[in-house]
1. Please state which of the following conditions Cys99 fails to meet, knowing it meets all the rest: (1) in contact with a Leu (Cβ under 9 Å, 6 or more places away or on another chain); (2) modelled with pLDDT under 90.
2. In the stretch 46-66, which residues are in a helix (DSSP H, G or I), surrounded by 13 or more Cβ atoms within 10 Å (Cβ to Cβ) and at pLDDT 90 or above?
3. Among (1) at pLDDT below 85; (2) in contact with an Asp or Glu (Cβ under 9 Å, 6 or more places away or on another chain); (3) surrounded by 15 or more Cβ atoms within 10 Å (Cβ to Cβ), which single condition is Gln29 missing?
4. Can you pull out every residue in the stretch 102-126 that is modelled with pLDDT of 70 or more and part of a loop (DSSP other than H, G, I, E, B)?
5. Which residues, taken from the stretch 79-111, are loosely packed, with under 13 Cβ neighbours inside 10 Å, hydroxyl-bearing (Ser, Thr, Tyr) and within 23 Å of Met66 (Cβ to Cβ)?
6. Give Arg38, Arg69 a once-over and let me know the one that is surrounded by fewer than 17 Cβ atoms within 10 Å (Cβ to Cβ), assigned to a helix (DSSP H, G or I) and within 14 Å of the chain's Cα centre (by Cα).
Amino acid sequence: MAGRSYPRFRLLGRCHAVTIHEHRPKSHQAHLEWTPSRMVQWAQTIGPHTAQLIERIMADKPHPEMGYRGCLGVIRLAEKYSHARMEAAAERALLTGACRYRSIESILKNSLHQQPLPSTSAPATPPSPPHDNIRGAEYFE
């Protein structure tokens with residue numbers, strides 16, 4: 001291999017990846033030009049809940065770019081189903097914590113977005129069954 005010159009990189013530490021921008025596929029290079037704010041603005045055209053959902057998807061990743069694929073999938077779902085249905089599904093996902101592409105797809109596919117939203121109040125705990133070893137409140141007065 002005499003006569004060929006290869007770029008050399010020196011990394012401090014272990015387990016670091018080096019990627020030269022020009023070596024990436026053209027589609028990946030295009031994604032690098034996108035910003036998280038661009039994704040959110042795109043989702044904002046669908047509605048505020050969808051924009052919040054996109055922010056949440058990117059926030060749940062170590063790097064926002066890692067959430068781009070899921071975000072683009074969610075935006076495509078809005079084209080497939082409708083903006084109104086996507087907004088309802090996004091609201092449900094935010095309330096239930098199901099903020100992943102597959103969850104949103106399932107909500108829309110199964111029409112769960114049309115079901116009443118879960119209440120935000122804590123469920124009442126049922127009273128304890130009567131038992132000889134259970135002391136009531138009057139015991140501690």
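1. Answer for Cys99: the failing condition is (2).
2. Residues satisfying the conditions are His49, Thr50, Ala51, Gln52, Leu53, Ile54, Glu55, Arg56, Ile57, Met58.
3. So Gln29 meets the others, but not (3).
4. Those that are modelled with pLDDT of 70 or more and part of a loop (DSSP other than H, G, I, E, B): Asn110, Ser111, Gln115, Pro116, Leu117, Pro126.
5. none
6. Matching residue, one of Arg38, Arg69: Arg69.
The values are calculated or read from the model by the stated rules, or taken from the named source; none is laboratory data. Since the model is a prediction, treat every value here as computed from it, not as a measurement. Neighbour counts are summed over all protein chains in view; Cβ atoms, including those assigned to glycine, are modelled from backbone coordinates with ideal geometry.
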